[in-house]
1. Filter the stretch 96-115 down to the residues that are hydrophobic (A, V, I, L, M, F, W, C) and under 25 Å from L18 (Cβ atoms) and list them by number.
2. State which residue is farthest from the chain's Cα centre (by Cα) when the search covers only the stretch 40-62 and only residues that are under 19 Å from Q99 (Cα atoms) and surrounded by fewer than 10 Cβ atoms within 10 Å (Cβ to Cβ).
3. Residues in the stretch 63-111 that are in a helix (DSSP H, G or I), open to solvent by 40 Å² or more (accessible area, probe 1.4 Å) and free of Cβ contacts under 8 Å to residues at least 60 places away in the same chain: how many?
4. Pairs under 9 Å by beta carbon, first residue of a type in the set (D, E, K, R) in the stretch 1-28, partner part of a loop (DSSP other than H, G, I, E, B) and open to solvent by 30 Å² or more (accessible area, probe 1.4 Å), six or more apart or different chains?
Amino acid sequence: QVQLEESGGGLVQPGGSLRLSCAASGNVFAINVMAWYRQAPGKQRELVAASIRGGSTNYAESVRGRFTIFRDNAKNTVYLQMNSLKAEDTAVYYCHTKQGIIDYWGQGTQVTVSS
């Protein structure tokens with residue numbers, strides 16, 4: 001079992017920045033990939049960024065160059081630094097990891113970009 005706890009969402013103006021955090025606890029030994037997804041109202045959940053143990057990262061085209069995913073393996077925490085935020089980034093952001101065939105999700109944190 002893995003538990004994921006997110007923090008860092010909120011309201012920010014267009015062009016602003018936010019940093020999301022996701023702390024993993026429980027059976028974290030075998031965690032390889034940690035990722036951030038988001039879901040806007042009326043839309044499907046989509047992958048935003050993923051971090052693979054060892055350093056590889058992957059980004060959605062819509063956030064490439066603006067968002068950065070990084071992790072602190074000693075703290076079992078993954079972060080999402082979001083810069084140059086746009087209104088279309090407004091969504092609930094979810095932390096995700098997987099062990100074998102089991103998906104684990106955080107509770108979600110709301111990010112609202114509005115003036």
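The values are calculated or read from the model by the stated rules, or taken from the named source; none is laboratory data. Every value quoted in this text rests on a predicted model; they were computed, and no experiment measured them. Don't worry about glycine lacking a Cβ; one is built from the backbone with ideal geometry, like all the others, and counts go over all protein chains shown. When the accessible area is computed, the model is the full protein with side chains, heavy atoms only, and any ligands, DNA or RNA have been set aside. Shrake-Rupley method; radii C 1.70, N 1.55, O 1.52, S 1.80 Å.
1. W105, V111, V113
2. G54
3. Final tally of qualifying residues: 1.
4. Qualifying pairs under 9 Å: E5/Q107; E6/Q107; R19/G8.
A quick yes/no check of all residues on (1) of a type in the set (S, T, N, Q); (2) closer than 22 Å to S115 by Cα:
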site: G9; (1), (2): no, yes
site: I31; (1), (2): no, no
site: Q44; (1), (2): yes, no
site: Q81; (1), (2): yes, yes
site: A87; (1), (2): no, yes
site: G100; (1), (2): no, no
